[in-house]
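Below you'll find the structure, written out as structure tokens, and then a few comments.
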Amino acid sequence: MYMKKKMKPESLMMSYGYNPEWSEGAVKCPIFQTSTFVFKTAEEGKAFFEIAYGHREKKPREQLGLIYSRLNNPDLEVLENRLTLWDEAEECAVFESGLAAITTALLEFLSPGDLLLHTSPVYGGTDHFIKHVLTKFGIHSISFNASHSEKDILQIIEESGMKDRLGMIYVETPANPTNALFDLDMCARIAKRYSTKERKVCTAVDNTYMGPLWQHPLKHGADLVLYSATKYIGGHSDVIAGACLGSAQNIKRIRTLRTFLGNMAGPWTGWLLMRSLETLKPRMELQASNAMQVAKYLSKHPKVEKVYYLGLIKEKDPQYRIYKKQFLSPGAMVSFDVKGGEKKAFKFLNNLQLIKLAVSLGSTESLAEHPATMTHVDVAPEERKAMSITGKLIRLSVGVENYEDLILDIEEALKKC
Ligand SMILES: *Cc1c(COP(=O)(O)O)cnc(C)c1O
């Protein structure tokens with residue numbers, strides 16, 4: 001296995017962690033559609049439970065056996081092993097949705113009375129959970145945005161009056177939908193500053209927009225990486241799923257809470273994601289190169305006021321430094337302002353033919369949406385304004401179609417504006 005570890009993830013997505021001898025020689029890992037697993041002996045069942053419930057440590061080379069599909073299932077285990085390769089994480093836990101992964105991580109690493117510091121904006125569902133659910137458990141939150149310097153952020157923490165209770169720094173970068181960037185090394189530095197021997201401040205990063213190919217938060221000091229696997233990892237708009245990655249110690253905690261919340265993914269979801277992972281790299285690379293062509297076209301169009309895209313950040317912009325050290329690609333998300341506001345933006349959206357008018361992102365088909373009235377409608381109007389989410393903003397998730405056809409579709413829709 002050590003030889004295989006050295007190979008690139010894209011070479012291992014078809015085979016890693018699965019042995020055809022387990023399943024009649026089947027080249028693909030089958031769907032293990034079963035709720036429970038037969039023990040060879042009562043002694044074996046006892047040993048599995050001791051480990052699963054943490055009553056004793058694993059002996060060297062001892063494996064946790066299969067018990068019950070809420071705890072573990074071959075489709076999830078093989079998938080989790082494969083997912084660790086991209087981020088070079090020790091362990092991974094897969095969930096039935098991205099929000100299930102995010103909320104489980106927040107619940108596990110925060111306690112009543114704690115303070116959560118998060119970037120703004122964050123995904124709508126995450127925002128709702130922080131403001132309306134965590135508050136019920138006495139967990140407070142404060143936020144910072146991409147215009148805040150490290151000094152400003154330290155001041156925000158100091159002025160909160162709760163700096164001794166800082167439990168987690170939660171980061172979403174690039175921010176949705178404007179692609180604003182946050183410096184992960186800086187976030188890890190702040191977490192370290194407020195950590196004590198007894199209390200470590202956890203840094204968690206939602207890497208859905210870039211991952212797992214184009215940004216690797218663990219390498220920049222993050223403790224947990226979170227994904228909506230519904231997006232690039234699934235990549236075909238046909239499954240909802242999520243993942244959390246990190247050290248063996250941290251993922252053990254996440255997995256234990258997952259067992260008791262019961263929000264693990266089922267075998268079907270595991271199987272679909274394994275199939276998706278085989279084409280992850282070619283899909284994402286094609287999407288990124290298409291996005292580059294689309295962004296270039298938009299940036300020259302007279303009816304387009306501004307394009308928000310990582311590949312167009314100017315060298316003198318402070319964001320450029322973060323982009324260069326943290327991102328391996330400009331990605332495949334392009335937002336832009338149409339001249340003339342909501343009315344013109346809607347005209348554009350209603351006249352697209354190849355690109356579909358829908359939320360979500362990262363899939364093979366290109367999607368367009370209107371953040372101000374759709375994904376970000378719940379954000380307070382003044383916050384929306386501060387983040388440049390106005391009536392004229394359109395968000396595009398670029399797919400794997402021929403880029404000339406995408407540009408033709410955009411060109412025709414812009415003509416109607
Ligand atoms: C979609 C999304 C989520 C939520 O994931 P689900 O799979 O829909 O639960 C979280 N964060 C980001 C950035 C997303 O785009």
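The values are calculated or read from the model by the stated rules, or taken from the named source; none is laboratory data. A quick note: this is a predicted structure, and the numbers were derived from the prediction, not measured. Glycine gets a Cβ as well: all are built from the backbone with ideal geometry, and neighbour counts include every protein chain shown. What goes into the accessible areas is simple: the full protein's heavy atoms, side chains included, and nothing from ligands, DNA or RNA. Shrake-Rupley method; radii C 1.70, N 1.55, O 1.52, S 1.80 Å.
General observations
- On Cα atoms only, tilt of 403-415 relative to the major axis of the chain in degrees: 40
- Under 13 Å of direct C-alpha separation, and excluding same-chain neighbours fewer than eight residues apart, Lys58 reaches these aspartates and glutamates: Glu50.
- Across the chain, Cα pairs under 8 Å and at least six residues apart give a relative contact order of 16 percent.
- Considering only Ile240, Ile142, Ile51, the mean-square fluctuation computed in a Gaussian network model of the chain, springs between alpha carbons under 10 angstrom, is largest for Ile51.
- Potential lengthening between Glu383 and Ala248 on full extension [0.36 nm per residue; Cα-Cα distance subtracted]: 44.8 nm
- Note on the chain: helix-only mean residue ellipticity at 222 nm, from DSSP H runs of 4+ residues weighted -39500 (n - 2.57) and normalised by residue number, equals -11000 deg cm²/dmol.
- Across segment 357-363, coupling constants 3J(HN,Hα) worked out from phi with the 6.51/-1.76/1.60 Karplus curve, θ = phi - 60°, read 8, 7, 7, 5, 6, x, 9 Hz, and Gly and Pro carry x.
- Put a dot 7 Å past the Cα of Lys8, heading toward its Cβ, do the same for Glu57, and the two dots end up 3.8 nm apart.
- Calculated SAXS-style log₁₀ I(q)/I(0) at q = 0.10, 0.19 Å⁻¹ - segment 140-241, Debye, Cα scatterers: -0.31, -0.95
- Table column - 3J(HN,Hα) (Hz), segment 234-246, Karplus curve with 6.51, -1.76, 1.60, x for Gly and Pro: x, x, 10, 6, 10, 7, 9, 6, x, 8, 9, 10, x
- Segment 380-400 and segment 274-293 have their alpha-carbon centroids 24 Å apart.
- 5 angstrom amide H check on Lys306, placed H, neighbours 5+ away: Asp337
- One way to sum up the overall shape of segment 187-275 is the equivalent ellipsoid from its Cα gyration tensor, whose semi-axes run 27, 17, 8 Å, largest first.
- Surface accessible to a 1.4 Å probe, Ile394 within the full protein complex, Å²: 0
- Accessible surface of Tyr209, taken over heavy atoms with a 1.4 Å probe and every protein chain present, rounds to 10 Å².
- Mean-square fluctuations from a GNM of the chain, with a 10 angstrom spring cutoff on Cα atoms, peak among Ala291, Ala146, Ala332 at Ala146.
- In sequence order, segment 92-107 has phi-based couplings of 9, 10, 9, 10, 6, 7, x, 5, 4, 5, 5, 5, 5, 5, 5, 5 Hz under the Karplus curve 6.51 cos²θ - 1.76 cosθ + 1.60, θ = phi - 60°, and Gly or Pro positions carry x.
- Dipole magnitude of segment 72-275 about its Cα centre (Cβ charges: Lys, Arg +1; Asp, Glu -1), debye to nearest 20: 340
- Packing-based ranking of 335-341, 158-164 yields 335-341, 158-164, ordered from highest to lowest mean Cβ neighbour count within 10 Å.
- Mean projected area of the convex hull spanned by the Cα atoms of segment 72-275, taken over all viewing directions: 10.6 nm².
- Accessible surface, segment 166-304, averaged per residue in Å² (probe 1.4 Å): 34
- Nearest 10 degrees, 0 to 90: helix 150-159 Cα axis against the chain principal axis: 70
- DSSP bridge orientation in the chain - percent antiparallel, rounded to nearest 5: 55
- Distant alpha-carbon pairs in segment 220-271 (separation over 12 angstrom), percent: 68
- Estimated at the nearest 10 Å², the accessible area of Asp152 is 60 Å² with a 1.4 Å probe.
- Fluctuation leader among Glu278, Glu198, Glu305 - the chain, Gaussian network, Cα springs under 10 angstrom: Glu198
- A simple spin-label model places the labels of Leu357 and Glu21 5.7 nm from each other, with each point 7 Å out along Cα-to-Cβ.
- Each of Lys296 and Asp238 was given a label point 7 Å from its Cα along the Cα-to-Cβ line. The distance between the two points is 3.3 nm.
- Per residue, the convex hull spanned by the Cα atoms of segment 300-344 measures out at 96 cubic angstrom.
- Annotation: average projected area of segment 280-415 is 8.4 square nanometres, based on the convex hull of Cα atoms across all directions.
- Each semi-axis of the equivalent ellipsoid for segment 323-382 is √(5λ) with λ an eigenvalue of the Cα gyration tensor; in descending order they amount to 22, 17, 12 Å.
- Cα centre as origin, Lys/Arg/Asp/Glu Cβ charges: segment 198-340 dipole, Debye: 280
- Taking a ≥ b ≥ c as the square roots of the eigenvalues of the Cα gyration tensor, the chain is oblate, since a/c reaches 1.5 or more and a/b is not larger than b/c.
- Divided by 2.2 N^0.38 Å, where N counts the residues, the Cα radius of gyration of segment 248-324 comes to 1.76.
- Dipole magnitude of segment 13-81, debye to nearest 20 (Cβ charges: Lys/Arg +1, Asp/Glu -1, about Cα centre): 140
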